[in-house]
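The values are calculated or read from the model by the stated rules, or taken from the named source; none is laboratory data. Since we're looking at a predicted model, the values are computed, not measured. Cβ sites come from the backbone with ideal geometry, for glycine too, and all protein chains shown count toward neighbours. Remember, those area values only see protein heavy atoms, side chains included, never the ligands or the DNA or RNA. Shrake-Rupley method; radii C 1.70, N 1.55, O 1.52, S 1.80 Å.
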Amino acid sequence: MINSRQVLHFVAALAVGGTLVLTQTSRADPAEVDAVYPKAYTLYLDLHQHPELSFSEVQTSAKIAAQLRALGYAVTEHVGGTGVVAILKNGPGKTVMLRTELDALPVEEKTGLPFASRVRAKDPAGRDVAVGHMCGHDLHMSALVATATIMAHSRDSWHGTLMLVGQPAEETLSGAKAMIRDGIFTRWPRPDVLLALHVSNLLPAGQVGVASGIYDSNADSLRLTIFGKGGHGAAPDTTIDPIVIAARTIVALQTIVAREVKPGEFAVVTVGYITAGSKNNVIPDQAELGLSVRTYKTEIRKRIMDAIARITNAEAQAAGATRTPLIEHYESTDAVYNDPALTQRMRAVLEGALGKDHVVTVEPIGASEDFSAFVEQGIPGFYLNLGGADPEKFEQARATGVPLPSNHSPLFAPDVDPALHTAISVEVAELRDLLSANDRG
Ligand SMILES: [Zn+2]
Ligand SMILES: [Zn+2]
């Protein structure tokens, strides 16, 4: 049996002598999306009202796993904790991985929506906290299951291996690494391409934002402990004052971006806290500084980290400190990198699916994401920004200059209907293109 999709493939292949082109086939038929939408919305409401914290996504992952299993996917649960891996093999071809996050945040929802979360749970420290899907991961999960449905029901429109991943603990930037440690790229076929998206109020629903190359920032957290020699505030000659060393160090650290980083390159060095001393007439033994460093490029990041160590050690030495400062790099995330060739290809697919005016170029954002951990395994990735704002409210915000609530705000509430429709269309279009029947070579 041959159907309309196959005819289109055939026509497109004929038209270009069998080489790869963007065709009608990489689009999701609006009727296909409409057919799966009611179930996707029901899942969205369910997930939204039953949010779970990072690495506690037990019910969430069980729901996703059950739905994917019912569609015929080979599903494995408890990957890297509460993670889910679902595989659909459909003949020879590439392996493409589409990832969603599973977790919610310890944030009390204040949207006033009839389906707002009222869930409370114990956080890892044992505190009772409100829990809400205030980052929109419920929308990503619903889209992924709806996309899985369309792909399972249209196997004639693609070939290869579809790998769907429910990743735990994105909000603590640890779930991707946990899945890698648990063998996500060795127990299953290693993907050729990685895909993900994130809803936000940066764009109106119906639009998507594309950044080629760097998508967000590297984030590094450092703790510097400067050791002096304490004593009486009136006898500084008998001491080595760590507060003076800290003060000099802070000022010198501010010369890194100003004097050592090439003008125009993105870099931030912030000393977010300083802790030292307890009384005006006592010189303390030590001082502690907390730093946040943000960069886009690896070489700039390395240069800044080296400069921080050099300056911190040199200032201590200049003051005659006998003990070398302790520099602890206690938290870090790498920037998400969108493969330029893949981005160019996906941009054309998105324009085909949504229309040119619904695909916009966006600047890298300041936030961080552990999708980078998957990309760093040496696999090209494409991560896009999904418009989530009610288009009317988006225009109002632009006119008044009062920004819409950001992700993680208690008021964050994406315009679900258009955003979820768009997410499904985009994912199906990307997958059909990457797992294209024209791409057999
Ligand atoms: Zn988040
Ligand atoms: Zn998020």
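Looking at Gly136, Gly93, Gly132 in this structure, which one is more than 16 Å from ligand 2 (Cβ to nearest atom), at pLDDT 95 or above and small (Gly, Ala, Ser)?
Gly93
I'm checking my understanding of the structure. Among residues of the stretch 408-418 that are within 16 Å of ligand 1 (Cβ to nearest atom) and at pLDDT 95 or above, which one is nearest to Leu164 (Cα to Cα)?
Pro414
Give Ala40, Ala28, Ala62, Ala66 a once-over and let me know the one that is touching a Ser or Thr at 6+ places or on another chain (Cβ under 6 Å) and either part of a helix (DSSP H, G or I) or open to solvent by 20 Å² or more (accessible area, probe 1.4 Å) (or both).
Ala40
Are any of the residues in the stretch 378-389 assigned to a helix (DSSP H, G or I), in contact (Cβ under 8 Å) with a residue 40 or more places away in the chain and away from ligand 1 (no atom under 16 Å from the Cβ)?
No - not one qualifying residue is present in the stretch 378-389.
Quick check on the stretch 322-335. Is at least one of its residues over 30 Å from Ser221 (Cβ atoms) and open to solvent by 40 Å² or more (accessible area, probe 1.4 Å)?
So far as the stretch 322-335 goes, no, none of its residues is over 30 Å from Ser221 (Cβ atoms) and open to solvent by 40 Å² or more (accessible area, probe 1.4 Å).
Table: residues versus (1) open to solvent by less than 10 Å² (accessible area, probe 1.4 Å); (2) under 22 Å from Ala423 (Cβ atoms); (3) away from ligand 1 (no atom under 16 Å from the Cβ).
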| position | (1), (2), (3) |
| --- | --- |
| Gly160 | yes, yes, yes |
| Val165 | yes, yes, yes |
| Pro168 | yes, yes, no |
| Ser174 | no, no, no |
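What number of residues within the stretch 217-263 satisfy the criterion of being at pLDDT below 95 and either open to solvent by 70 Å² or more (accessible area, probe 1.4 Å) or over 12 Å from Leu289 (Cα atoms) (or both)?
4
Check Leu404 against each of (1) more than 18 Å from Ala196 (Cβ to Cβ); (2) within 15 Å of ligand 2 (Cβ to nearest atom) and name the one condition it does not meet.
Only one criterion in (1) more than 18 Å from Ala196 (Cβ to Cβ); (2) within 15 Å of ligand 2 (Cβ to nearest atom) is unmet by Leu404, namely (2).
The conditions are (1) under 20 Å from Leu43 (Cβ atoms); (2) within 16 Å of ligand 2 (Cβ to nearest atom); (3) part of a helix (DSSP H, G or I), and His198 fails exactly one of them. Which is it?
In the conditions (1) under 20 Å from Leu43 (Cβ atoms); (2) within 16 Å of ligand 2 (Cβ to nearest atom); (3) part of a helix (DSSP H, G or I), His198 misses (3) alone.
Quick check: is even one residue across the stretch 353-372 in contact (Cβ under 8 Å) with a residue 60 or more places away in the chain, hydroxyl-bearing (Ser, Thr, Tyr) and surrounded by 23 or more Cβ atoms within 10 Å (Cβ to Cβ)?
No - not one qualifying residue is present in the stretch 353-372.
Taking the stretch 117-137, which residues are away from ligand 1 (no atom under 16 Å from the Cβ) and within 23 Å of Gly166 (Cα to Cα)?
Val119, Arg120, Ala121, Lys122, Pro124 - these are the residues of the stretch 117-137 that are away from ligand 1 (no atom under 16 Å from the Cβ) and within 23 Å of Gly166 (Cα to Cα).
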